[in-house]
Protein chains: 2
Amino acid sequence: MLTEKTVSQFLDELASSSPAPGGGSVAALAGAAGAALTAMVCNLTIGKKKYADVQDEMIAVAQQTEHLRKELALLIDKDTEAFNTVMTAFALPKGTEQEQLARTAAIQEATKSATSIPLQVMKVCQQALHHTLTVAQKGNKNSASDAGVAALMLQAGCAGAALNVRINLNGLSDAGFVQQSSQQYKDILRIVESLTREVLVAVEVSIGGN
Amino acid sequence: MLTEKTVSQFLDELASSSPAPGGGSVAALAGAAGAALTAMVCNLTIGKKKYADVQDEMIAVAQQTEHLRKELALLIDKDTEAFNTVMTAFALPKGTEQEQLARTAAIQEATKSATSIPLQVMKVCQQALHHTLTVAQKGNKNSASDAGVAALMLQAGCAGAALNVRINLNGLSDAGFVQQSSQQYKDILRIVESLTREVLVAVEVSIGGN
């Protein structure tokens, strides 16, 4: 599993001439880091007298965000697996007509899966961003920059995953699936842009100054 | 070292109630991932007949980007070390007037260092983005989404590091240092926004479609 490699090894594998892991896994990693930072701000708020009135909310947000973080961490590997399945399908024999039909079907099936994974990354990033907004508005103000970085990571993860959705949609012939996925990624991107702006406004209020 | 931990362990430490590692280290990690993806696109372009005319350029860009990636990976740890030094300075005794003076001086010195690290992250992300633009425009078009994710990571790393520069500048009394650093981060952010837009335009040309 990629998440069991050291950060150094992960970066080495990323830079190598192997196409996987690639941008899809990095998008999921950025999302996981954003969710983890959101949980950290909760944990730096819980137990502080000054924030006693949001204590219960922060405990709940921490739990929910940690759940999303773990899902995003799993998606780091799932994206690379989905990509490898597409490559395996492309390598299938195409000597006979029957083989060609089977290969085309396998490629279509694998590409649908490789589209669904980054779409899932986008959905989970969006969910996590709602929590980032809560911690940016109500959490420990000393950690305002961490809430801001969390939002930037979730946004970049989401936008990066969208590029992976789109490059896969280009190879699909199921018009219904393409139309539906296309609408989904556009809707999520719009919501995520708006949420990120809200987080950064809250961060700005806390940081201000220079 | 943080980069010698597994990705899972790194995310766990991030989410914990310890303030370090935090957003500063994540910003450097995002930059390192962006640089690594840029190098990957080079490596997926080198040796391909279709891209023979940019072969030498891609070899040079890969080398330079890998150098920047390694610097960003070191900055993951340096940011956390700088933060811990600030915390140590805050914990110094303040019983006597002399102790108070020494403590204040130590906090100022440590905070300057904690400002310089994210500024350095921003500078290196900016340098890497120039290379990302080259690979987005001239590299393997099958890896267009990877070049796009690379730019999104470098941009988010840069914007995240800027928040860390700003939160530290708020605690500094050296007006000259504050003014100079403030100008630097604003200049870099402007250039990085513009470079990222250029990369995404090039990616759009390659991906198009949905």
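One line per residue, one yes/no per condition, for (1) modelled with pLDDT under 95; (2) under 27 Å from residue A:200 (Cβ atoms); (3) touching an Asp or Glu at 6+ places or on another chain (Cβ under 6 Å):
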{"position": "A:17", "(1), (2), (3)": "yes, no, no"}
{"position": "A:25", "(1), (2), (3)": "no, yes, yes"}
{"position": "A:30", "(1), (2), (3)": "no, yes, no"}
{"position": "A:57", "(1), (2), (3)": "no, yes, no"}
{"position": "A:64", "(1), (2), (3)": "no, yes, no"}
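Run down A:7, A:41 and say which single residue is without any contact (Cβ under 8 Å) to a residue 12 or more places away in the chain and closer than 23 Å to residue A:125 by Cα.
It is A:7.
Answer with yes or no whether residue A:11 is buried (at least 19 other Cβ atoms within 10 Å of the Cβ), touching a Gly at 6+ places or on another chain (Cβ under 9 Å) and at pLDDT 95 or above.
no
Run down A:172, A:101, A:92 and say which single residue is out of contact with any helix residue (DSSP H, G or I) (no Cβ under 9 Å at 6 or more places or on another chain), more than 23 Å from residue A:62 (Cβ to Cβ) and of a type in the set (A, V, I, L, M, F, W, C).
Going through A:172, A:101, A:92 in turn, just one is out of contact with any helix residue (DSSP H, G or I) (no Cβ under 9 Å at 6 or more places or on another chain), more than 23 Å from residue A:62 (Cβ to Cβ) and of a type in the set (A, V, I, L, M, F, W, C): A:101.
What is the residue count in the stretch B:171-200 for residues that are open to solvent by 70 Å² or more (accessible area, probe 1.4 Å) and outside any helix (DSSP H, G or I)?
1
Farther than 26 Å from residue B:169 by Cα, open to solvent by less than 30 Å² (accessible area, probe 1.4 Å) and in contact with a His (Cβ under 8 Å, 6 or more places away or on another chain): which single residue out of B:132, B:65 fits that description?
B:65
For the stretch B:25-32, indicate whether the set of residues that are over 20 Å from residue B:148 (Cα atoms) and open to solvent by less than 30 Å² (accessible area, probe 1.4 Å) is non-empty.
yes
What about residue B:203, is it away from chain A (no Cβ under 11 Å), of a type in the set (A, V, I, L, M), more than 23 Å from residue A:143 (Cα to Cα) and in a helix (DSSP H, G or I)?
no
The values are calculated or read from the model by the stated rules, or taken from the named source; none is laboratory data. Keep in mind the model is a prediction, meaning the values are calculated, not measured. Cβ: placed from backbone, ideal geometry, glycine included. Neighbour counts: every protein chain shown. Side chains are part of the model used for accessible areas, which takes the heavy atoms of the whole protein and leaves out ligands, DNA and RNA. Shrake-Rupley method; radii C 1.70, N 1.55, O 1.52, S 1.80 Å.
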